[in-house]
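Visitor: Right, I'll just put the structure down here and ask away after.
The values are calculated or read from the model by the stated rules, or taken from the named source; none is laboratory data. Quick caveat: nothing in here was measured; it's all calculated off a predicted structure. Quick reminder, even Gly has a Cβ in these numbers, built from the backbone with ideal geometry, and neighbours come from all protein chains shown.
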Amino acid sequence: MIKLLVSDELSKEGLDMLRKGGAVEVDAKPNIPHDELVKIIGDYDALVIRSGTKVTEDVIEAGKKLKVVGRAGVGVDNVDVNAATKKGILVMNTPAANIISAAEHTMAMMLSLARNVVPANVSLKAGEWKRSKFTGIELNGKTLGIIGIGRVGGEVAKRSKSFGMKLIGYDPYISPEVAVKLGVRLMSLEEVVEQADIITIHAALTPGTFHLINKDLISKMKPTAMILNVARGELIDSQALYDTLKEKKIAGAAIDVFEQEPPTGSPLLTLDNIVVTPHLGASTKEAQEKVSVEMAEAVMSFLVDHKIKNAINAPVRGMDPKVLPFISVAERLGAFAVQLVDAPVSKINVTVYGDLASVDTKMITVSALMGVLSNLSTESPNIINASYIAKEKGIQVMESKVEDSKRYVNMISVSIESENCKREVRGTAFPESEPRLLGIDDFDLDIPLEGDFLLSAHADVPGIIGRVGAILGDKGINIARMGLGRKDKGGNALLLISVDTPVSLDLIKEMNQVKDFKEVRTIKLSGLDSREYLQF
C-alpha cells in the first residue's frame, strides 16, 4: 500500500481526493514538529505540505521510501530542492491555483495603504473623527513599479492598469513582447525603484534574490513612495526597511510576508506607517480549495498513474507529444551504448534528427542518460537525479539537433566516449512506439530494441553466421532475431543476435578466441522490458 503524509492543513476536498479509491493510505498530521517528521517520514512514499513544513536535508535523508514532495502553493523555498533532486525525489507545486487571490490581496494592501484605511478604522472605533489626518492619495496617474512580472505580477499589472496607473517593471526573465502586452515598460531594478510611486514585489525567492531590496535600493526611493511585499519576506532587508520607515524617509509600506514567521517581536510591528497582514496572500476560500485539489490531483496522478505534472525538478513540463514514443528508445540506446565500452565514460552526446529537432527534447537526453547510468551507478538513476549523478561522475552531457533525417522521419543517436574509444548507436520508434535499433557505429541494421543480445564484430567471410549459430545451439541458446550489417564486401561485418536466454561470460571469452572474430560481447536490455518509465 502506498503511504502518504499530509503535514500541513489541507482542505477537506483535497484530502477526500487523496483518499478516493483507496489506492493510497493517507495520514493527516498538520503542524507536526520537525523532529517528529524526521522520525516518521521513512515510512512514507509521499509528503504533501503547505508553507508551514520545512522539508530540509535531514527530512530528505530520512525519507528512505520518499518519491514525491507536493507543495500546495507556488513557492518551494521551504523545500531543499537540491537535496531532493540528488535523491531522485520529485518536487511538485501548484503554480496557478492562488494567483488571483495573491493579486487581489496586493490590490487590497495597495488601496489600504494609499487611503489610510487601517489607521482610520482604528481612530474611528476609538471615538475620534479626524478626517484630515487620514488624507490619502489617488492611484490614478501614479507610477507602479512591479518587481517580478510573472503570473501574480502580471495579474497585478492588469488590475492596476484599470486604475489608470502607469506601469514600469523589472524582470530579467520576461520577454519584451509579454511586457508590452501587459502595458509594462521594462527598466533596470534601480530605475524602477527610483521612479515608482508605489513598488510591489512578486519575485521568486532564490539565493540570488535574497534581500533583493536592500538598504542601498531603499535609499533611492522617493520620499513619497510606498512599497508592498505579498511574495516572500526574505526579498526585503527588514532591518533596512524598518530604519527607513522609522525615520519617515518613505511614505509607507504594506507587508504580508516576513523574514521570520510569525514575526514575533519584529520592530516593524511597532510602526504607524506600515500595514501588515499575517501571510494572507493565498488565504481565500477559493484559493485554499484550488491549491489543495490541484496538489491532490497531481500527487495522485504521479503515485497511481505514473504521470508527472507541475514538476519543479523534472524535465517534463510542456513535453511535446512527438517526444513521448522516443523516451523509451533513448533510454534503451543509452543502456545499449554504454555496454559497448570498457573504460569509464567521459562524454555522452545525444543527437536528434528530423521533426524532433523542432521541439524541446530535454526529456530524450535525460532518458538516454538514465540508460547509461543504469549500468554505471550503484544509485538508482531516474529522470529527477540523472543529470546530477552524471555531473558528480564528471560525465559531460551534450545535446545536438539535426533537422534533416535522410531515411527516417525521426531518429536518435547516442554516442559515448571513454578513454581512446567512441561508440555510437542509432534508433527510432516504429511502427507506432516500438523501439528499434537502426545502427551501431558504421554498421546499419534493423532489429527491435528489446531483450538481450549477442554482438559479434568479425571478418566478412563465408560461414561466420553458421559458426555462431552452431556455438549457440551447442549451448542450448535459442536465437529469437538477427540483424546483420557490413560496410564492404569481404571487409568487416557486424552480427547482432537477440537471444532467449542470457549468454555466459565464459562463452563470450570462448568466442573471442575463435579465428575471424574481432569483438564479441553481450548486451543486456531485459531489465527495461517491463519498466514503467515515469515510475521510479
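Visitor: Any residue at all in region 456-464 that is of a type in the set (A, V, I, L, M) and modelled with pLDDT under 85?
Guide: yes
Visitor: Kindly evaluate Lys86 against the criterion of being outside the structural domain of Leu228 (by TED's automatic domain parsing), at pLDDT below 95 and either in contact with a Pro (Cβ under 9 Å, 6 or more places away or on another chain) or of a type in the set (D, E, K, R) (or both).
Guide: In short, yes.
Visitor: Something else now. Of the conditions (1) of a type in the set (Gly, Ala, Ser); (2) surrounded by fewer than 24 Cβ atoms within 10 Å (Cβ to Cβ); (3) part of a helix (DSSP H, G or I), Ser346 fails just one. Which one is it?
Guide: Unmet for Ser346, out of (1) of a type in the set (Gly, Ala, Ser); (2) surrounded by fewer than 24 Cβ atoms within 10 Å (Cβ to Cβ); (3) part of a helix (DSSP H, G or I): (3).
Visitor: I've got another one for you. Looking only at region 374-390, filter to residues that are modelled with pLDDT of 85 or more and farther than 18 Å from Leu333 by Cα; which one of those is surrounded by the fewest Cβ atoms within 10 Å (Cβ to Cβ)?
Guide: Within region 374-390, the match that is surrounded by the fewest Cβ atoms within 10 Å (Cβ to Cβ) is Tyr388.
Visitor: Among the residues of region 294-315, write down those that are surrounded by 20 or more Cβ atoms within 10 Å (Cβ to Cβ) and β-branched (Val, Ile, Thr).
Guide: Result: Val299, Ile308.
Visitor: Sticking with this one: Would it be correct to say that Arg521 is among the charged types (D, E, K, R) and without any contact (Cβ under 8 Å) to a residue 60 or more places away in the chain?
Guide: The answer is no for Arg521.
Let's see how each residue does on (1) among the acidic types (Asp, Glu); (2) part of a loop (DSSP other than H, G, I, E, B); (3) not assigned by TED's automatic domain parsing to the domain that holds Ser7:
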| site | (1), (2), (3) |
| --- | --- |
| Leu241 | no, no, yes |
| Thr244 | no, no, yes |
| Lys249 | no, yes, yes |
| Phe258 | no, yes, yes |
| Pro263 | no, yes, yes |
| Asp272 | yes, yes, yes |
| Met300 | no, no, no |
| Pro325 | no, no, yes |
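Visitor: Let me ask something additional. Only residues that are within 22 Å of Leu18 (Cβ to Cβ) and among the β-branched types (Val, Ile, Thr): list them for region 33-59, please.
Guide: Ile40, Ile41, Val48, Ile49, Thr53, Val55, Val59
Visitor: Are any residues in region 349-362 within 20 Å of the chain's Cα centre (by Cα) and buried (at least 20 other Cβ atoms within 10 Å of the Cβ), and if so, which ones? Walk me through how you get there before you give the answer.
Guide: Step one: filter region 349-362 for residues within 20 Å of the chain's Cα centre (by Cα), giving 359-362.
Residue satisfying the conditions is Thr361 alone.
Visitor: With the checklist (1) surrounded by fewer than 18 Cβ atoms within 10 Å (Cβ to Cβ); (2) touching a residue at least 60 places away in the same chain (Cβ under 8 Å) in hand, flag the one item Gly371 doesn't pass.
Guide: Evaluating Gly371 over (1) surrounded by fewer than 18 Cβ atoms within 10 Å (Cβ to Cβ); (2) touching a residue at least 60 places away in the same chain (Cβ under 8 Å) leaves (1) as the failure.
Visitor: Among the listed residues Gly63, Gly52, Gly42, identify the single one that is at pLDDT below 95 and small (Gly, Ala, Ser).
Guide: Sole residue among the options that is at pLDDT below 95 and small (Gly, Ala, Ser): Gly52.
Visitor: Moving on to the next point. Does any residue of region 482-499 turn out to be without any contact (Cβ under 8 Å) to a residue 24 or more places away in the chain and assigned by TED's automatic domain parsing to the domain that holds Ala457?
Guide: no
Visitor: Looking at region 266-310, which of the residues that are among the acidic types (Asp, Glu) and within 18 Å of Arg19 (Cα to Cα) is modelled with the lowest pLDDT?
Guide: Asp305
Visitor: Criterion first (buried (at least 18 other Cβ atoms within 10 Å of the Cβ), over 22 Å from Gln260 (Cα atoms) and modelled with pLDDT of 95 or more) does Gly141 satisfy it?
Guide: no
Visitor: Find the residue count for region 454-493, including only residues that are of a type in the set (A, V, I, L, M, F, W, C) and farther than 12 Å from Asp516 by Cα.
Guide: 10
Visitor: Among the residues of region 176-216, what is the count of those that are under 20 Å from Gly252 (Cα atoms), surrounded by fewer than 23 Cβ atoms within 10 Å (Cβ to Cβ) and of a type in the set (Gly, Ala, Ser)?
Guide: Residues in region 176-216 being under 20 Å from Gly252 (Cα atoms), surrounded by fewer than 23 Cβ atoms within 10 Å (Cβ to Cβ) and of a type in the set (Gly, Ala, Ser): 0 in total.
Visitor: Considering only region 284-310, how many residues are free of Cβ contacts under 8 Å to residues at least 40 places away in the same chain and charged (D, E, K, R)?
Guide: Here the count works out to 2.
Visitor: Kindly indicate whether any position in region 30-44 is within 21 Å of Ala298 (Cα to Cα) and within 19 Å of the chain's Cα centre (by Cα).
Guide: No: zero hits.
Visitor: Being at pLDDT 95 or above and over 21 Å from Pro263 (Cβ atoms) is the filter here, so list the residues in region 196-232 that pass it.
Guide: Result: Ala196, Asp197, Ile198, Asp216, Leu217, Ser219, Lys220, Met221, Lys222, Pro223, Thr224, Ala225.
Visitor: Condition first: touching a strand residue (DSSP E or B) at 6+ places or on another chain (Cβ under 8 Å) and not in a strand (DSSP E or B). Now tell me which residues in region 410-452 satisfy that.
Guide: Glu419, Phe430, Glu434, Asp441, Leu449, Glu450, Gly451
Visitor: Going residue by residue through region 394-414, is there one that turns out to be surrounded by 14 or more Cβ atoms within 10 Å (Cβ to Cβ), in contact (Cβ under 8 Å) with a residue 60 or more places away in the chain and of a type outside the set (S, T, N, Q)?
Guide: yes
Visitor: Turning to a different aspect of this structure: Sort out which residues of region 250-273 are in contact with a Leu (Cβ under 6 Å, 6 or more places away or on another chain), of a type outside the set (S, T, N, Q) and free of Cβ contacts under 8 Å to residues at least 40 places away in the same chain, and write them in order of number.
Guide: Result: Leu271, single match.
Visitor: Which condition from (1) of a type outside the set (Gly, Ala, Ser); (2) surrounded by fewer than 23 Cβ atoms within 10 Å (Cβ to Cβ); (3) not assigned by TED's automatic domain parsing to the domain that holds Ala23 is the one that Glu57 breaks?
Guide: (3)
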